[in-house]
Amino acid sequence: MSIEEQVRESLGQVLVPGIRRSLVRMNLVRGIEVKAGRAKVTLASVGIPAQSQDWVREKVITAIRDVPGVKETTVEFIEAKPKELNQIQQVIAVMSGKGGVGKSLVAGLLAASFAREGKDVGILDADITGPSIPKMFGLNDRPSGSEAGFLPILSRSGIEIMSMNLLLPSEDDAVIWRGPLMSKVITQFWEDVLWGKLDYLVIDLPPGTGDIPLTVMQTVPLSGVVGVFTPQDLTEMIVRKAVKMARKMNVRVLGVVENMSYLLLAETGEKLEVFGKSKAEEMAKTSGAPLLGRLPIDPMLAELCDKGNIESYSSDALSEIFANVISVLNGKQK
C-alpha cells in the first residue's frame, strides 16, 4: 500500500461535523500529495462551516500522524458544489397514483433493507406537503452545513435522510406552496445536499403525476420506479396512470408492490383479505412489470412506525420484496 493510500485510509476515520460519516465516504477528499515526508491533503469545504474547519484540520493531522513516511501535514480547503461531489450508484423512486396506499412505508422499508445489507443508503423525501419519513425513522434534528451546501440527517442504522419536515420549526407545520416552489426545493434536495458516496438513494415521491414527480423524472437519473397500490377497485386505473407517466418519461418500471394485501391471522395462519381479493397479479400485468411482492397489514409494523423505529422491522414478505428488487436491478427478472 502506497503512502497516499495509507493517508486516505486514515482519513476514513475522520468524521464530518454534523453527520457520522467520514470525509472519505462523504467524498470530501479532493487530493492527497506526499513529497519528501510532507503530506498535503485537499478537502472540499462543502457542509463544513468555517468555524469547524480548524477542528477538522486538527483531526486530519492527528489521524495521519502515525503513517510511515509522513513527517508533516498541511490541510487546504477548497470550494465545491455538492452535485460535483455526490456519487450515487442507483436511484430508486417509489410512487403511487393516489395517496394513502403506503408509498412512504415501502420507501422506508426498502432503504432499511439496503442498510441491513451493509449498503450506504439515503432517502430523499420528495413528499413536500405530506412528509412522513422523519416520523417513521424517529428524526427531528435540523440539518447542518455551510453556505455551499447542507448535510442530511443520519438515522439509527446510518441512512442519510433529507425531508422538508426536518427544516420546519414544528413537524406539524403546513407547507402551503404552489407547484413551482415545491419543484425548486426538490431540485435543491438533489443538487445542494451533500449525499457523498451512496450505493442507493431512495426517493419517496408524492402521490399522483404532478409537478414533483415530473421534476424528479426530468432532473434525477433514475434507475427505475417502484409502484405501490392497495387491493381496491379504483386501483387499476390509478396504477395505469402512474405507470404511463413513468414510461412517457422513459423511466424504467422496476415492479409493483401490493400493500395492505391481507391480514395474517396468528391463530390459524389464514390470510384474510380485508380490502377484497388481491389484485397483485392483475396489476403486475397492467404495469408490464414484475410483481415484487405483497405486504400484509401488520400491527407490529404500524406500531414501529408510530414509535419512529421502522428500521427494526423484518418479515418474510419484506425479505421477498427486497430480494425481488435486487434481482430486477441486477437484470434478473423473476
Can you give the net charge of the other residues whose Cβ lies under 9 Å from the Cβ of D120, counting K and R as +1 and D and E as -1? +2
With the contact rule set at Cα under 8 Å and sequence spacing of 6 or more, what percent relative contact order holds for the stretch 11-142? 18
May I ask for the Kirkwood hydrodynamic radius of the chain, worked out over all distinct Cα pairs and given in angstroms to one decimal? 21.2
Fewest to most Cβ atoms within 10 Å: K103, K35, K307 sort as K35, K307, K103
Give the aspartates and glutamates reachable from K71 as a straight Cα distance under 18 Å; neighbours fewer than 8 places away on the same chain don't count. E4, E5, E9, E33, E58
D (Stokes-Einstein, µm²/s), Kirkwood Cα radius, the stretch 220-334, 0.890 mPa s at 25 °C: 162
Under 28 Å Cα-Cα from K244, which lysines qualify once same-chain neighbours fewer than 8 residues away are excluded? K98, K103, K184, K277, K279, K285, K332, K334
Ordering of 48-60, 201-213 by burial proxy (mean other Cβ atoms within 10 Å per residue, highest first): 201-213, 48-60
Relative contact order computed over the chain (Cα-Cα under 8 Å; 6+ residues apart), in percent: 18
To check you understand DSSP bridge types, tell me what percent of the beta bridges within the stretch 84-329 (both residues inside) are antiparallel, rounded to 5. 15
Along principal axes, Cα extents of the stretch 150-304, largest first, whole Å: 51, 37, 33
The stretch 195-319: relative contact order as a whole-number percent, Cα under 8 Å and 6+ apart: 22
Expressed as a fraction of 2.2 N^0.38 Å, the rule-of-thumb size for a compact globular protein of N residues, what is the C-alpha radius of gyration of the stretch 45-167? 1.32
Taking a 32 Å limit on the Cα-Cα distance, which of the listed pairs K197/K241; K35/K81; K59/K197 fall beyond it? K197/K241
Can you give the local net charge around K197? Use residues other than it whose beta-carbon is closer than 10 angstrom to its beta-carbon, Lys and Arg +1, Asp and Glu -1. 0
Percentage of Cα-Cα pair distances in the stretch 250-303 greater than 19 Å, rounded to whole percent? 36
Would you mind putting 139-148, 107-116, 64-73, 263-272 in packing order, based on average other-beta-carbon counts within 10 Å, highest first? 107-116, 139-148, 64-73, 263-272
Charge tally in the Cβ shell below 14 Å around I161, where Lys, Arg are +1 and Asp, Glu are -1, I161 excluded: -3
Given the DSSP H assignment, sum -39500 (n - 2.57) over each helix run of at least 4 residues in the chain and divide by its residue total; what's the result at 222 nm in deg cm²/dmol, nearest 500? -10000 deg cm²/dmol
Kirkwood Rh, angstrom, the stretch 3-80 [1 / mean 1/r, Cα pairs]: 12.3
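Each reported figure results from applying straightforward, stated rules to the coordinates on display, with no laboratory input. For clarity, every value in this text was computed on a predicted model and none was experimentally measured. Positions of Cβ are backbone-derived with ideal geometry, glycine not excepted, and every protein chain shown enters the neighbour counts.
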